[in-house]
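Have a look at the structure below before the remarks.
The values are calculated or read from the model by the stated rules, or taken from the named source; none is laboratory data. Since this is a predicted model, take the numbers as computed values, not measurements. Positions of Cβ are backbone-derived with ideal geometry, glycine not excepted, and every protein chain shown enters the neighbour counts. Calculation scope for accessible area: heavy atoms of the full protein, side chains included, ligands and nucleic acids excluded. Shrake-Rupley method; radii C 1.70, N 1.55, O 1.52, S 1.80 Å.
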Amino acid sequence: MSEIADRYRNVAQQFTDRLTAVPDDAWDNPAPCEGWVARDVVRHLVDTASFFLGGGVDAPSVDDDPVGAWTAVRDAIQSALDNPEVAQRQVDSPMGAMTIEQLIARFGIADTLVHTWDLARATGLDEKLDPEEVVRVYKAMEPLDERMRGGTAFGPRVPVPGDADDQTKLIAFTGRTP
């Protein structure tokens, strides 16, 4: 198995752990992403699976079964990454053609990691993220600062003290208030 497959498995498990702990009455709690509620965080990750895999995933509705929807998507992505032939399949992306593994490495891991924090913040769960992955993602994102702010994915960077921990820096970098 590849390093990317292992990294995705780790980050996806962190999201799964938070997701399965969401209290029934917390799905409509506001999330850090403007206009989103906790359920929308899951919806986003489910909807982006088709982007990463070059096609849709057969999954339950996020409205009816957010855990089932995420589990179906997580398993489809992990299965693709665990199969070297599939992981190297070229798919079209807004950044041009790249392999499924490249897309997950560049976007899927970071997206899942940051949205784990969003879901935890929205639902009052543990917000602590994997420190090694936080450092990797932050180091990969920081050089792309200007380019990342050109679309709708990130708001302005939130200022934090210079001695802030890595997770605080990453969350603030993505336009969220830690």
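The single residue among Thr152, Thr116 that is at pLDDT below 95 and of a type in the set (Ser, Thr, Tyr) turns out to be Thr152. Taking first residues from region 130-147 that are within 17 Å of Ala5 (Cβ to Cβ) and at pLDDT 90 or above and partners that are surrounded by 17 or more Cβ atoms within 10 Å (Cβ to Cβ) and among the charged types (D, E, K, R), the Cβ contacts under 7 Å between residues at least 6 apart in sequence or on separate chains come to Glu133/Arg7. The residues of region 76-104 that are assigned to a loop (DSSP other than H, G, I, E, B) and touching a residue at least 40 places away in the same chain (Cβ under 8 Å) amount to a single one, Ser93.
The number of residues in region 161-178 being under 15 Å from Ala120 (Cα atoms), open to solvent by less than 70 Å² (accessible area, probe 1.4 Å) and in contact (Cβ under 8 Å) with a residue 12 or more places away in the chain comes to 4. Just one of the listed residues (Thr71, Thr20) is modelled with pLDDT of 95 or more, under 29 Å from Gly175 (Cα atoms), hydroxyl-bearing (Ser, Thr, Tyr) and surrounded by 14 or more Cβ atoms within 10 Å (Cβ to Cβ), and it is Thr71. With respect to the conditions (1) among the aliphatic types (A, V, I, L, M); (2) under 30 Å from Gly96 (Cβ atoms); (3) in contact with a Lys or Arg (Cβ under 8 Å, 6 or more places away or on another chain), Ala31 falls short on a single one, namely (2). Within region 23-36, how many residues are farther than 21 Å from Ile109 by Cα and either out of contact with any helix residue (DSSP H, G or I) (no Cβ under 7 Å at 6 or more places or on another chain) or open to solvent by 20 Å² or more (accessible area, probe 1.4 Å) (or both)? Count: 9.
Restricting attention to region 100-115, the residues being farther than 19 Å from Lys169 by Cβ and open to solvent by less than 10 Å² (accessible area, probe 1.4 Å) number 4.
Is there a residue in region 43-65 that is closer than 17 Å to Leu129 by Cα and acidic (Asp, Glu)? No.
Results for (1) in contact with a helix residue (DSSP H, G or I) (Cβ under 6 Å, 6 or more places away or on another chain); (2) in a helix (DSSP H, G or I), shown as yes or no for each residue.
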| position | (1), (2) |
| --- | --- |
| Thr16 | no, yes |
| His44 | no, yes |
| Phe52 | yes, yes |
| Gly56 | yes, no |
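Can you tell me which residues in region 113-156 are small (Gly, Ala, Ser) and closer than 24 Å to Thr16 by Cα?
Step one: list which residues in region 113-156 are small (Gly, Ala, Ser), which gives 120, 122, 124, 140, 150-151, 153, 155.
Those that are small (Gly, Ala, Ser) and closer than 24 Å to Thr16 by Cα: Ala120, Ala122, Gly124, Ala140, Ala153.
For region 27-42, residues that are in a loop (DSSP other than H, G, I, E, B) and among the hydrophobic types (A, V, I, L, M, F, W, C) total 4. Exactly one residue out of Gln88, Gln78 is at pLDDT 95 or above, within 19 Å of Tyr8 (Cα to Cα) and either of a type in the set (Gly, Ala, Ser) or within 16 Å of the chain's Cα centre (by Cα) (or both): that is Gln78.
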